[in-house]
Amino acid sequence: MAKYVDENGEPIDPEDLDGYEAVDLAASQAKPPSDERAVEEGPAAREGRPAAGRRRWPVIAGAAFVVAVTAGAVVLTRMEPPTPKPSISERVEAKSSEVRQSVAPSSSTAASSSAPEPVAGVGCGESEILAAVWKDGAAAPGTQLRVVEAIDMPVGFATREDEAGQRAQRVILQLSDERLGVYIASTESAQSNGKALWWKVPVAISGGFSVLGEAYGDGNDKDALRACKTIDEGAYRVVGEGGSDDHPTAVSLIKPIRAFGGELTSYALIGDKLAKIQIERTPAESSGGDDETGEGGSSSSAVPSK
């Protein structure tokens with residue numbers, strides 16, 4: 001009785017061979033019939049007989065197996081069925097899909113191309129800020145000032161601003177890399193006779209953005225070395241808190257912070273709030289020159305003496 005082993009030489013229980021067709025390799029390699037017998041049987045008979053010296057490839061349960069008998073043992077080796085080739089129409093459709101995906105822009109690309117871009121440069125960026133000026137009745141400019149963060153001015157400052165109205169004299173100084181000083185004259189009458197008392201609000205701009213207090217100033221503060229020139233009041237395209245896309249926004253003062261290749265940042269006094277703003281160019285804006293000379297005006301502003 002023949003022994004059955006798999007291709008690894010492991011024995012197989014004959015009861016597990018149900019559904020397999022064993023081919024005796026020795027029998028399949030038997031001497032081919034003589035020419036006379038071949039003539040008697042004819043071509044039709046020969047077609048049904050396996051060729052001498054060849055292995056049969058029976059298909060069992062959807063898989064192909066090679067069965068050989070060697071020294072009384074039957075070896076079963078499983079052969080994976082060949083991978084079917086795609087038809088011509090399937091290959092054409094796959095290629096067309098690849099072309100469509102390569103040509104069609106992704107939604108993320110379309111969104112990024114329509115989003116405003118922050119403006120970077122070297123210097124104070126005064127020309128970029130002024131490009132956001134929005135005159136009444138004119139189309140919105142291609143440059144805008146985006147409010148990144150805004151803080152309320154303290155009560156003492158807001159009260160003096162209400163008393164003086166639009167004619168209140170205001171000043172913003174950059175006292176250091178970490179601090180601004182925001183000032184307002186105490187009364188309108190004091191401004192006219194040159195004896196104004198200045199109300200000072202120190203503001204932290206490094207390690208956070210916050211009001212540090214308020215009190216009368218001594219009148220001796222001035223801009224730090226290479227601080228940017230303060231830009232006077234005007235109407236600008238401002239977006240974010242305190243701004244509007246529909247109409248110009250009144251801005252009392254803008255204090256640019258000198259940049260060294262990064263995004264241009266400034267601080268703007270808008271109503272009773274001090275806002276940290278970022279300059280942005282909208283997609284409709286043609287590429288324009290930044291203030292890259294690094295020679296943005298150094299302010300000669302100083303708080304008038306008492």
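The values are calculated or read from the model by the stated rules, or taken from the named source; none is laboratory data. Every value quoted in this text rests on a predicted model; they were computed, and no experiment measured them. Cβ atoms come from the backbone with ideal geometry, glycine included; neighbour counts cover every protein chain shown.
Candidates are the residues of the range 277-306 that are within 20 Å of GLN169 (Cα to Cα) and modelled with pLDDT under 50; the one that is surrounded by the fewest Cβ atoms within 10 Å (Cβ to Cβ) is SER300. Among the residues making up the range 255-285, those that are within 22 Å of GLU163 (Cα to Cα) and either outside the structural domain of ILE184 (by TED's automatic domain parsing) or not small (Gly, Ala, Ser) (or both) are LEU269, ILE270, ASP272, LYS273, LEU274. Residue pairs whose Cβ atoms lie under 8 Å apart, sitting 6 or more positions apart in sequence or on different chains, and linking a residue in the range 197-212 that is within 11 Å of LYS276 (Cβ to Cβ) to a partner that is in a strand (DSSP E or B) and acidic (Asp, Glu), are PHE209/GLU149.
Quick grid of which residues meet (1) hydrophobic (A, V, I, L, M, F, W, C); (2) modelled with pLDDT of 85 or more:
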residue: ILE184; (1), (2): yes, yes
residue: ALA196; (1), (2): yes, no
residue: GLU214; (1), (2): no, yes
residue: ASN220; (1), (2): no, yes
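Name the one entry in GLY137, GLY165, GLY156, GLY125 that is exposed (fewer than 12 other Cβ atoms within 10 Å of the Cβ), modelled with pLDDT of 85 or more and not acidic (Asp, Glu). From the options GLY137, GLY165, GLY156, GLY125, the qualifying one is GLY137. Within the range 127-178, work out how many residues are of a type in the set (Asp, Glu) and free of Cβ contacts under 8 Å to residues at least 60 places away in the same chain. Within the range 127-178, residues that are of a type in the set (Asp, Glu) and free of Cβ contacts under 8 Å to residues at least 60 places away in the same chain number 4.
I want to confirm something. Restricting to the range 148-170 and keeping residues that are farther than 15 Å from ILE257 by Cα and part of a strand (DSSP E or B), which single residue is farthest from the chain's Cα centre (by Cα)? Ranking the qualifying residues of the range 148-170, first place goes to ARG170.
Just one of the listed residues (LEU264, LEU274) is touching a Phe, Trp or Tyr at 6+ places or on another chain (Cβ under 8 Å) and crowded, with 22+ Cβ neighbours inside 10 Å, namely LEU274.
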